[in-house]
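Structure below; questions to follow.
The values are calculated or read from the model by the stated rules, or taken from the named source; none is laboratory data. If you're wondering where the values come from, they're calculated on a predicted model, not measured in any experiment. Positions of Cβ are backbone-derived with ideal geometry, glycine not excepted, and every protein chain shown enters the neighbour counts. Note: accessible area is taken over every heavy atom of the protein model, side chains too, but ligands, DNA and RNA are not part of it. Shrake-Rupley method; radii C 1.70, N 1.55, O 1.52, S 1.80 Å.
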Amino acid sequence: MKYYAVIDTNVLVSAAIKPESVPGQVVELVLDGVIVPLLNKAIIKEYRDVLLRPKFDFPEQIVKDVLNEIDGHGIYVDAEHIDIDLPDPKDLVFYEVVMDMRKEEDSYLVTGNIKHFPEKPFIVTPRQMIGIILESFE
């Protein structure tokens, strides 16, 4: 079974810092093809910009390789604008993409900042996403 999800940048950063963490498991499921990442150009740009911040000191080639892998497994969604106020306006693109894809498929937004988004059952933490996937094996 495949799961469609928008992966918030904070999940990707957490996974890069600590690969054995729950966010790391989520990214591993993306790379294994279990989770299909939902993307658009703005999301990929955000991933790149944040991962290449000097404070993280991630090697540029590794960032490029990881983003190429994510891009290769992903589906690009041309989402319509949604007029909603979020605590961080940069999060809007993630919400727009998941809402657009939900018109066709069950989809999730996986974030470590759950309070930055409306309270919806499809906006989940990395741990909740792992739980949803594990439930399908029971």
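How many of the residues in segment 114-138 are more than 21 Å from TYR95 (Cβ to Cβ) and free of Cβ contacts under 8 Å to residues at least 24 places away in the same chain?
Here is the first cut: in segment 114-138, the residues more than 21 Å from TYR95 (Cβ to Cβ) are 130-131, 133-138.
Then drop every residue that is not free of Cβ contacts under 8 Å to residues at least 24 places away in the same chain, which leaves 131, 134-135, 137-138.
Adding up the residues that qualify gives 5.
Go through the residues of segment 1-9 one by one and say whether even a single one is closer than 24 Å to SER136 by Cβ and at pLDDT below 95.
Yes, segment 1-9 has at least one match.
Could you tell me which residue of segment 58-73 is farthest from LYS103 (Cα to Cα), considering only residues that are hydrophobic (A, V, I, L, M, F, W, C) and open to solvent by 20 Å² or more (accessible area, probe 1.4 Å)? Walk me through it before giving the result.
Taking segment 58-73 as the starting set, the residues that turn out to be hydrophobic (A, V, I, L, M, F, W, C) are 58, 62-63, 66-67, 70.
Still in the list and also open to solvent by 20 Å² or more (accessible area, probe 1.4 Å): 58, 62, 66.
On the way: PHE58: 36, ILE62: 34, VAL66: 28 Å.
Taking the candidates together, the pick is PHE58.
Go through (1) surrounded by 11 or more Cβ atoms within 10 Å (Cβ to Cβ); (2) at pLDDT 95 or above and name the single condition LEU86 misses.
Condition not satisfied by LEU86: (2).
Continuing with the same structure: Search segment 1-14 for residues that are closer than 14 Å to ARG127 by Cβ and in contact (Cβ under 8 Å) with a residue 40 or more places away in the chain and pair each with any residue that is open to solvent by 10 Å² or more (accessible area, probe 1.4 Å) and part of a strand (DSSP E or B) when their beta-carbon atoms are under 6 Å apart and the residues are at least 6 apart or on different chains.
Pairs that qualify, where the first residue is closer than 14 Å to ARG127 by Cβ and in contact (Cβ under 8 Å) with a residue 40 or more places away in the chain and the partner is open to solvent by 10 Å² or more (accessible area, probe 1.4 Å) and part of a strand (DSSP E or B), are ALA5/TYR108.
On to the next question. Assuming ALA15 fulfils every condition listed in (1) among the small types (Gly, Ala, Ser); (2) in contact with a Gly (Cβ under 8 Å, 6 or more places away or on another chain); (3) open to solvent by 50 Å² or more (accessible area, probe 1.4 Å) apart from one, which condition is it?
(3)
Shifting gears a bit: Does GLY24 fit the bill of being part of a helix (DSSP H, G or I) and within 14 Å of the chain's Cα centre (by Cα)?
Yes: the conditions hold for GLY24.
Just for segment 30-57: of the residues that are touching a residue at least 40 places away in the same chain (Cβ under 8 Å) and surrounded by fewer than 17 Cβ atoms within 10 Å (Cβ to Cβ), which one is nearest to ARG127 (Cα to Cα)?
VAL34
From LYS55, LYS41, grab the single residue that is of a type in the set (D, E, K, R), within 22 Å of TYR4 (Cβ to Cβ) and modelled with pLDDT of 95 or more.
Only one candidate qualifies: LYS41.
Specify which of the listed residues (TYR108, TYR76) is open to solvent by less than 70 Å² (accessible area, probe 1.4 Å), modelled with pLDDT of 95 or more and of a type in the set (Phe, Trp, Tyr).
TYR108
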